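Trainee: One structure coming up, written as structure tokens, with questions to follow.
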Amino acid sequence: MNRIPAALGPAPRYSRSRRLALALAAAIAVGLALAGPAAADLLTPESGGSPNADDIDSLYKLVLAIAIVVFIGVEGALIYSLVKFRARRGAVPAQIRGNTRLEIGWTVGAALILVVLAAFTFAKLPGIRNPPDSGPGGLQLADGVFVAAGPTKRLPPNGKSLNVCVNGQQYIWRFTYANNCSSAPLEAPYSYEQLVVPVNTTVTLDINSQDVAHSWWIPQLGGKFDAIPGYTNHTWFKIPGNLAGKTFTGQCAEMCGRNHANMIASVSAVSPSRFEAFLEQRRAQLRAADQAAAIQRKQVSKQIP
Amino acid sequence: MAATTSETRTAVPQVVAHRVEAERTGWTSWVTTTDHKRIGIMYLVLTFVFFMLGGTEALLMRLQLGVANNTLLDPKTYNELFTMHGTTMIFLFVVPVMAGFGNYFVPLMIGARDMAFPKLNALSFWMLAAGGLVFYGSVFFNPPECGWTCYAPLSETQYLPNGGVDAWIYLIHLTGISSLLGAINFYATIANMRAPGMGWGRLPLFVWAILTYSILLILALPVVAGAVTMLLTDRHFGTHFFDPSNQGSPLLWQHLFWFFGHPEVYIMVLPGFGIISEVIPVFSRKPIFGYKAIASATVVIAFLGMLVWAHHMFATPSPTFVLVFFMLGSFLIAVPTGVKIFNWVATLWRGTVEFTVALLFAVGFVGTFLIGGITGVFLAVFPVDWQLTDTYFVVAHLHYVLMGGAVFAVFAGLYYWFPKITGRLLSEGMGKVSFWLMLVGFQVTFLIQHSLGLDGMPRRVYEYNDVGHLQLYNQISTVGAFVLAAGILVTMFNVVRSVRHGVPAGPDPWKGNTLEWFTSSPPPVNNFDVVPRVRSVEPMKDIRRQIERQSELAEAPAAPTTESSIRA
């Protein structure tokens, strides 16, 4: 009895610290409310560049709505019981050991919330997972020359997409425009760091790596897909027509070594006609470089007797 | 002569007594000890030293990120820092600090005089110390720079040829052996050495948590031990388990690592749940609400925790049904975890809550861990995870679970049990300062990190461009980290000061429920002279009630001491 510390004494001593805590909570809430409008993506992931990114964003918002309700309910009950049931002179604690009906109730309740979440996810999944057909103003694509859909590779319903092979390497991304990435022709146009794509066109990506694990991520165009050596990963995006001229940026999201922070990528959306011009220009540049290299090789072989 | 013979003829009870050796002192007594209490203290001191080291590494990283495109640290140093920070906090702090509390309090709480295998117990501790030494020895050469997950093929010799990864492998092995031996010891102790009457339904919830922690360690550790051995042979003996250029599989590493790595999360947090389940009823002056539900939720979480590892791998090339399976499994874990949180709140409900520092940390844990649990559900929805994984959202989530969760529970345990360990109370005033600094500092540091991730910042980057609000958010986080560190330092100062100058605590300063309060503070070498028969989950409450009844019956108002009344 006599050893009980001062802090266990009667309650009034705590009212000040409690008031402080409430003031603090209010200050944080006001701060967050003010910060909300100031920062567009404070509470939700980036989206707007592709339907799958938009669907992830709306799925996220559904989860967020449920989360806020659960958060307020449980934190509210916690803070309420701390304030209401703090030790007071003469208060007697109720010796309750449990309540089976209540306990079964909240177990089933928690499970039901998760059933709802799972239902939302399954409803949104096809829009996120499966690429749609290209839009009417998109790039004109040839028929049926593509690799078959696999367990993770999805194609649009009409089977037509612009396929890009995305190859991660320490510390840069290489993009090759080819339909079959395992046997892409040598003259297939390619670029590093910046990927140029036509708007209104479904772009499918075959993602792999040639050294360590990387992760492909352009936030506004959808989620991350790891580039793992020895495996091919797949995703897609389709940039709406009104965003021609816009560039979406992102960077490698899997720690890949010392320069991981500088392994950046960007996707430039252009009109289909400008895209075709770009491809033609790349092909011409590659041909010119090839010819220059051939001439050089001849000169070198002449010099060596 | 005659008198003597008549004396020997009288029946005298044969008294058998051991010679009581003087307690050994000095540093050799610590090195050679097999006493579970001294080993527990050594665990706690050593792990808190590593906590300070890991915290310093975190502050250096926060300093680097305080300004966009900072040049304070070079990328190599930064990668070394986050590798050491993560590895230290997980393998050298949170897991072994729980073993420290377990070592000290499991025998006391079940009424045993020591652990089942005292020498094995000492070996566990020295293996941990050896693991820490090998790992921190690499500071003088080349620390590892592959993150605490050391994903292959980055961790193979082609990419990280120096010995840092090898030091990391030996740390995993040594701390792994330490934990494995400790786990076997806990299991044997709890299964065999409980006080008379302490059936499974009367086991303190902290002991339930340590039992489950031990089983998880026994199931998960051999897998990571195998994985790092394969990595070691890949690195030095010509195998190609994880080398894709020779048909090895980098994904195999991820599966093996996370098959251990996810149970590891519960290994770290379940004992914390156990501490909370002890502290909240004591300071609400109420029995724990739903004892059976909490104990079984512990076991169910451990079981489900073994089945959800691939939710760390949602972005890897995996078939949809695999993603769905691991999403639903991860959802399921939220149910028993939620049940625990509801039960803790219900325990406070209609109690008389005494705001001691231990209780503050315990409810701080509940409020903070809730956020970590909720963000865990975001990450379990795999399409949402595709946006969030490997960003600062995950960094925030894991710190809400492990720092706001496990570490707050450790601090609750520290304030609750320090008087038993040392015989002196920690200063409640300083404790409150520490708690509020830590709570505010923690929320300021980590709440904003969710937004950093949503704003597009990946984790493990040593620099970033100031696009969006990245620099502002990072600065908020850095300021918070220093407030959090100040709060931790206040408690460290409190501990150092109170060991000598604290208010004497007496055997039972909090009116506890469990048997560790039925002995002096600090307890003698043999813990208990008499082990009482246990009749409920709260044996100390029964004992106090019995004394009250006896003192009412006795005409003389002189209150009997606890021990004599029990003997009677």
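Laboratory data are not the source of any read-out in this text; all were calculated from the coordinates shown. All values reported here derive from a predicted model rather than from experimental measurement. Cβ atoms come from the backbone with ideal geometry, glycine included; neighbour counts cover every protein chain shown.
Trainee: Taking Cα pairs under 8 Å and at least six residues apart, what relative contact order does region A:162-303 come out at, in percent?
Mentor: 25
Trainee: With equal scatterers on the alpha carbons only and no solvent term, can you work out the Debye log10 of I(q)/I(0) for chain B at 0.07, 0.08, 0.10, 0.11 1/Å?
Mentor: Rounded to two decimals, the profile gives -0.43, -0.56, -0.85, -1.02.
Trainee: Now for a separate question. Based on the alpha carbon coordinates of region A:89-210, what radius of gyration and maximum Cα-Cα distance (Dmax) apply, in Å?
Mentor: Considering region A:89-210 through its Cα atoms, Rg and Dmax are 25.6, 88 Å.
Trainee: Exposure proxy check: A:ASP206, A:ASP290, A:ASP226 ranked by fewest other beta carbons within 10 Å?
Mentor: Numbers: A:ASP206 22, A:ASP290 12, A:ASP226 29.
Lowest to highest Cβ neighbour count: A:ASP290, A:ASP206, A:ASP226.
Trainee: Further question on the same structure: Residues with amide H under 5 Å of A:ARG86's amide H, sequence separation 5 or more or different chain, H placed in the peptide plane at 1.01 Å from N; which?
Mentor: Correct list: B:VAL353.
Trainee: Hey, could you pull the Cα Rg and Dmax for the protein assembly as shown, both in Å?
Mentor: 30.9, 131
Trainee: For peptide A:86-94, compute the average count of partner chain beta-carbon atoms within 10 Å of each residue's beta-carbon.
Mentor: The mean count of partner-chain Cβ atoms within 10 Å per residue comes to 5.
Trainee: Determine the calculated [θ] at 222 nm for the protein assembly as shown from helices alone, applying -39500 (n - 2.57) to every DSSP H run no shorter than 4 residues and normalising by the residue count; nearest 500 deg cm²/dmol.
Mentor: Mean residue ellipticity at 222 nm (helix-derived): -19500 deg cm²/dmol.
Trainee: Further question on the same structure: Quickly rank B:195-207, B:297-309 as a protection proxy: mean count of other C-beta atoms within 10 Å, highest first.
Mentor: B:297-309, B:195-207
Trainee: Right, here's the next one. For the protein assembly as shown, give me the percentage of DSSP beta bridges that are antiparallel, rounded to the nearest 5 percent.
Mentor: 65
Trainee: Here is a follow-up. If you put +1 on each Lys and Arg Cβ and -1 on each Asp and Glu Cβ, how big is the dipole of region A:162-303 around its Cα centre, in Debye rounded to 20? Write out the running numbers ahead of the final one.
Mentor: Details: 12 positive and 9 negative charges, 84 e Å.
Rounded to the nearest 20 debye, it is 400 debye.
Trainee: Over region A:182-264, what relative contact order in percent results from Cα pairs under 8 Å that are six or more residues apart?
Mentor: 30
Trainee: Another question, if that's okay. Enter the Cα centre distance for the pair region A:236-305 and region A:46-118, rounded to the nearest angstrom.
Mentor: Measuring centre to centre over Cα atoms gives 49 Å.
Trainee: Counting Lys and Arg as +1 and Asp and Glu as -1, what is the net charge of the other residues whose Cβ lies under 13 Å from the Cβ of B:THR34?
Mentor: Combined, the nearby Lys, Arg, Asp and Glu give +3.
Trainee: If you don't mind, there's one more thing I want to ask. Going by how many other beta carbons lie within 10 Å of each one, how would you line up B:ASP114, B:ASP529, fewest first?
Mentor: In increasing order of surrounding Cβ atoms, one gets B:ASP529, B:ASP114.
Trainee: Using the Kirkwood radius over Cα pairs, work out the Stokes-Einstein diffusion coefficient for region A:162-303 at 37 °C and 0.692 mPa s, in µm²/s as a whole number. Display every interim value, and only then the final one.
Mentor: Details: Rh = 16.0 Å.
This corresponds to a translational diffusion coefficient of 205 µm²/s.
Trainee: Under the definition of partner shielding as Cβ atoms of other protein chains within 10 Å of a residue Cβ, what is the mean value for peptide B:494-506?
Mentor: Numbers: counts 0, 0, 0, 0, 0, 0, 0, 0, 1, 3, 1, 3, 4.
Average per residue, whole number: 1.
Trainee: Let me know the mean shielding of A:226-238 by other chains, meaning the per-residue number of their Cβ atoms within 10 Å of its Cβ.
Mentor: Working: counts 12, 3, 11, 10, 12, 7, 1, 4, 1, 2, 0, 0, 0.
That average works out to 5.
Trainee: In this model, which of B:LYS340/B:LYS511; B:LYS420/B:LYS541; B:LYS292/B:LYS432 are farther than 28 Å apart at the alpha-carbon?
Mentor: B:LYS292/B:LYS432
Trainee: What is the fewest-to-most order of B:TRP30, B:TRP386 by other Cβ atoms lying within 10 Å of their Cβ?
Mentor: Placing the least packed residue first, the sequence is B:TRP30, B:TRP386.
Trainee: Ok, one more. From Cα pairs below 8 angstrom and at least 6 apart in sequence, can you work out the relative contact order of chain B, rounded to a whole percent?
Mentor: RCO, chain B: 16 percent.
Trainee: Using the charge dipole of region A:238-305 (Lys, Arg: +1 at Cβ; Asp, Glu: -1 at Cβ; taken about the Cα centre), state which of A:GLN285, A:ALA244, A:ASN259 has its Cα farthest towards the positive end.
Mentor: Of the candidates, A:GLN285 comes out farthest on the positive side.
Trainee: For region A:183-222 and region B:37-57, what is the separation of their Cα centres, given in Å?
Mentor: 48
Trainee: Tell me which lysines have Cα within less than 19 Å of A:LYS153's Cα, excluding those fewer than 8 residues away on the same chain?
Mentor: Within the straight-line limit of under 19 Å, A:LYS153 reaches these lysines: A:LYS124, A:LYS224, A:LYS238.
Trainee: Okay, moving on. Name the residue from A:THR107, A:PRO51, A:PRO126 whose Cα lies farthest towards the positive end of the charge dipole of region A:40-139, charges +1 on Cβ of Lys and Arg and -1 on Cβ of Asp and Glu.
Mentor: After comparing all options, I get A:THR107.
Trainee: Between region B:197-249 and region B:63-112, what is the separation of their alpha carbon centroids in Å?
Mentor: That distance is 19 Å.
Trainee: Please identify every one of the chymotrypsin sites (Phe, Trp or Tyr not before Pro) in region B:118-183 that sits in a loop by DSSP and has no more than 12 other beta carbons within 10 Å of its own beta carbon.
Mentor: On the way: sites: B:PHE125, B:TRP126, B:PHE135, B:TYR136, B:PHE140, B:PHE141, B:TRP148, B:TYR151, B:TYR159, B:TRP168, B:TYR170; in loops: B:PHE141, B:TRP148, B:TYR151, B:TYR159.
Here the sparse-neighbourhood loop sites are B:PHE141.
Trainee: Identify, among A:PHE225, B:PRO263, B:PRO244, the residue whose Cα sits farthest towards the positive end of the charge dipole of the protein assembly as shown, taking +1 on the Cβ of Lys and Arg and -1 on the Cβ of Asp and Glu, with the dipole about the Cα centre.
Mentor: Among A:PHE225, B:PRO263, B:PRO244, the one farthest towards the positive end of the dipole of the protein assembly as shown is B:PRO263.
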